[in-house]
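The values are calculated or read from the model by the stated rules, or taken from the named source; none is laboratory data. Bear in mind the structure is a predicted one, so any value in this text is a computation, not a measurement. Cβ coordinates were reconstructed from backbone atoms using ideal geometry, including for glycine residues, and neighbour counts include every protein chain displayed. Just so you know, the surface numbers come from the protein's heavy atoms only, side chains and all, with ligands and any DNA or RNA stripped out. Shrake-Rupley method; radii C 1.70, N 1.55, O 1.52, S 1.80 Å.
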Amino acid sequence: MDLGLSGRRAIVTGGSKGLGQAIAAELLAEKAQVAICARNAAELDATAAELREAGPVFAARCDVTDPDQVSAFMAAAASAMGGVDILVNNAGGARPGRFESLTDTDWHEDIEVKVFSQIRCTRAALPMLRQSAAPRVININAVFARYPDPAFLASSVNRASCLSLAKALSIELGHEGILVNSVNIGFVTTPQWENIHRRRAPDTPAEQFFAQLAGDEVPLGRFGRPDEVAGLVAFLAGDRASYITGASIDVAGGMGKFL
């Protein structure tokens, strides 16, 4: 299937590893140009070098919680690629913690990296998206937004805000032809799960920890793969999804109790 992404210009935040890297690779495989950012310069450079074997990649360090860095990165990426057609707001990370364990600082940091990163990146990219013939915003969120888990309380609350943000933007920007959608992941194999394993069950072998989680929570009984998410992102970015906006699509193996 030709998704019509050849020559399209895409920005992927949090693109140095895990899901962001997989999304960037998928878009490159569809012959798009890609710009990635991340906070860790060494990881970013290594990933960019690997991705460039498949196509043109612009990479620059950017902390998406810093408004000035976001503005500078978006401008530099647009200049390098000649514009922006696709924004994938992927930066973020799980923050395990129940209500009484979460401090005000925990809440503020989680809101910054999840909600405000999407606000700032979309705001900064909007002038360039308005110049595109096929503008797309795709926000990577979490199934916990509709299926709250007290063990990931901050993520559950803040991802719900992200869903509302995407839906509101899809309504506001729809008349301009800018499509805004959410992709909500469940348990997908990424480096952040290694950190969760170390925090929650350091004495339990990783394979056992992940198998038990999937067995308890996921009807398909396994963790998802990054490429299974990246494929949907590429579809939403392409021409075949030209009448889809305001959608909230779970890639979670059936995880979640609420429609």
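Structure data summary
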| quantity | calculated |
| --- | --- |
| Checklist (1) open to solvent by less than 50 Å² (accessible area, probe 1.4 Å); (2) farther than 26 Å from residue 8 by Cα; (3) in contact with a helix residue (DSSP H, G or I) (Cβ under 6 Å, 6 or more places away or on another chain) applied to residue 87, failing item | (2) |
| Checking residue 117 against (1) closer than 29 Å to residue 4 by Cβ; (2) open to solvent by 40 Å² or more (accessible area, probe 1.4 Å); (3) in a helix (DSSP H, G or I), the condition it does not meet | (2) |
| Some residue of segment 141-164 being surrounded by fewer than 21 Cβ atoms within 10 Å (Cβ to Cβ) and under 14 Å from the mean Cα position of the chain (by Cα) | yes |
| Selection within segment 62-104 - β-branched (Val, Ile, Thr) and closer than 14 Å to residue 153 by Cα | 103 |
| Whichever residue in segment 46-82 is in contact with a strand residue (DSSP E or B) (Cβ under 6 Å, 6 or more places away or on another chain) and in a loop (DSSP other than H, G, I, E, B) and, among such residues, is least open to solvent (accessible area, probe 1.4 Å) | 62 |
| Any hit, segment 32-45, residues being touching a strand residue (DSSP E or B) at 6+ places or on another chain (Cβ under 9 Å), within 29 Å of residue 111 (Cβ to Cβ), open to solvent by 30 Å² or more (accessible area, probe 1.4 Å) and of a type in the set (A, V, I, L, M) | yes |
| Test result for residue 36, in a strand (DSSP E or B) and within 21 Å of residue 128 (Cα to Cα) | yes |
